[in-house]
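Q: Pasting a structure here, questions to come.
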Amino acid sequence: MKKVLGIISFIALMFSNTLPALAGDPSNGIWKTEASEETGSWLHVKVFDCDDLVCGDIENAYSSDGEIISDYEHKGKPIIWGMQILGDGKYKKGKIWNPTNDKEYNSKMVLKGSILDVSGCVWGICQAQTWERVE
């Protein structure tokens, strides 16, 4: 009986130590970008943990009428990488790629509940967007 309780205790201890890792960063999930001023289209970005950092890939692209663009050439490509987690919903020193102009921006993010403010600069030119969490 002691042996069985010891095994159960060991398994419980191992499982409890992995819970924080399984939970992931609060920014993890699917985010809807702002609509493009030119086309009205937008992206869904999947944000996830990557080696103690935050990364994101393009999940889908949507036309201005809300239809998935099935042949979107950048689907699955990284759009966020190397984002350092500061805590309290703040992230810095990452990169964000804008597929519209093919530029990489030194970036930061701020998480406020179901809103993710992303911003970045390249050569003194800065851009910012507010992304909404997709339920």
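FYI, it's all coordinate maths here, none of it is from the lab. Small disclaimer: the values here were computed from a predicted structure and weren't measured. Reconstructed Cβ throughout: ideal geometry from the backbone, glycine too, with neighbour counts over all protein chains shown.
Q: For K32, give me every one of the lysines with a C-alpha distance below 24 angstrom, ignoring sequence neighbours fewer than eight places off in its own chain.
A: List returned: K46, K75, K77, K90, K92, K93, K95, K103, K108, K112.
Q: While we're looking at this one, here's another question. Tabulate in residue order the Karplus-calculated ³J(HN,Hα) for the range 119-126, using 6.51 cos²θ - 1.76 cosθ + 1.60 with θ = phi - 60°, rounded to whole Hz; enter x for Gly and Pro.
A: For the range 119-126, the Karplus curve yields 8, x, 9, 9, 6, x, 9, 10 Hz.
Q: Please work out whether the range 68-112 counts as rounded, prolate or oblate from its C-alpha gyration tensor, where a ≥ b ≥ c are the square roots of the eigenvalues and a/c under 1.5 means rounded, while otherwise a/b larger than b/c means prolate and anything else oblate?
A: Verdict is prolate for the range 68-112.
Q: Going 7 Å from the Cα of D88 toward and past its Cβ, which residues in the range 105-135 have a backbone nitrogen under 19 Å from where you end up?
A: Under 19 Å, as judged by backbone N against the label point of D88, lie 108-119 of the range 105-135.
Q: Whose amide H sits under 5 Å from the amide H of S41, counting only residues 5 or more places off or on another chain, with H placed in the peptide plane?
A: For S41, whose amide H was placed from the backbone, the distant partners under 5 Å are S36, S64.
Q: With θ set to phi - 60° and the Karplus curve 6.51 cos²θ - 1.76 cosθ + 1.60, what are the ³J(HN,Hα) couplings of the range 101-112 in order, to the nearest whole Hz, using x for Gly and Pro?
A: Once θ is set to phi - 60°, the couplings for the range 101-112 become 10, 6, 10, 9, 10, 5, 9, 8, 9, 9, 9, 10 Hz.
Q: In Å and whole numbers, how far do the C-alpha atoms of the range 22-133 stretch along each principal axis, longest first?
A: 36, 36, 23
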